[in-house]
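Visitor: After the structure tokens below, expect a handful of questions from me.
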């Protein structure tokens with residue numbers, strides 16, 4: 001099975017369609033969820049939108065009605081895409097990500113990074129295969145962070161970037177240890193031969209590194225930091241799904257730990273993003 005077969009797109013809606021809802025539908029027919037930071041919300045938001053920052057979303061799921069159509073938005077449609085994936089994984093059936101976010105709703109061009117997609121795997125994949133997928137995505141994300149540091153943000157101080165890179169290295173080590181505990185050994189050519197993995201480098205969200213780097217070349221530190229926040233949210237979603245999918249207690253514990261670390265990373269990156277705005 002190919003890696004790209006394990007992912008699917010998050011349902012979306014255009015800002016124009018959301019505007020139509022706001023202008024012509026009764027408020028009880030939809031719900032607007034803003035996943036930006038409080039300072040962004042205070043500067044302007046869609047009428048009636050509830051603010052739940054991305055880093056707080058997992059802890060406030062019970063405050064949302066699963067039976068109502070949810071339109072999720074952020075500044076550019078990046079963080080909200082990750083939020084929509086989290087909501088769908090939590091059982092929400094009517095979730096749509098507003099493409100282009102608040103910027104595009106207000107008529108400004110908002111071009112986000114290449115679209116991340118949801119991890120959606122069949123039950124036939126065993127724990128060691130799922131570990132392999134996670135390691136491959138962690139490895140790709142680390143490569144992206146290193147390239148961002150060396151090629152895109154050279155000369156800029158961004159401590160959260162180093163923190164995230166160190167976390168990726170640690171996660172790779174933990175996943176290698178988990179693979180050994182599950183199978184008894186780590187192949188010399190790991191992860192080759194375990195799944196049909198692409199030759200090109202791919203990161204969390206199943207985004208090609210080359211595409212992400214191409215997008216990042218003319219972006220601000222704030223743009224990049226916002227994107228890093230959404231990547232942590234995608235990784236959080238990944239590990240939550242993995243922790244629920246495996247029967248191995250060891251694997252459950254490792255995936256749950258990695259999910260918690262990714263959740264902490266969302267909050268840390270959010271603080272770094274606020275410092276740029």
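Read the figures in this text as sums done on the coordinates, not as results from a lab. Computed from a prediction, not measured in an experiment: that's the story for all the values here. Cβ coordinates were reconstructed from backbone atoms using ideal geometry, including for glycine residues, and neighbour counts include every protein chain displayed.
Visitor: So for the chain, averaging the separation of alpha carbon pairs under 8 Å that are six or more residues apart and normalising by length, what relative contact order in percent results?
Guide: Contact order relative to length: 21 percent.
Visitor: Something else: State the antiparallel share, in %, of DSSP beta bridges confined to the chain, rounding to the nearest 5.
Guide: Counting only bridges with both partners in the chain, antiparallel ones make up about 25 percent.
Visitor: Would you mind giving the three semi-axes, in whole Å and largest first, of the ellipsoid equivalent to region 3-105 according to its Cα gyration tensor?
Guide: 19, 15, 15
Visitor: Listed highest first by mean packing, meaning other Cβ atoms within 10 Å per residue, what order do 160-173, 18-31 come in?
Guide: 160-173, 18-31
Visitor: Right, another one. Show me the ranking of peptides 188-195, 205-212, 225-232, 59-66 by mean Cβ neighbours inside 10 Å, starting with the highest.
Guide: 225-232, 205-212, 188-195, 59-66
Visitor: Right, here's the next one. Going highest first, how would you order 234-246, 75-87 by mean Cβ packing within 10 Å?
Guide: 75-87, 234-246
Visitor: OK, next. Can you tell me the relative contact order of region 134-264? Whole percent, Cα pairs under 8 Å, sequence separation 6 or more.
Guide: Computed value for region 134-264: 28 percent relative contact order.
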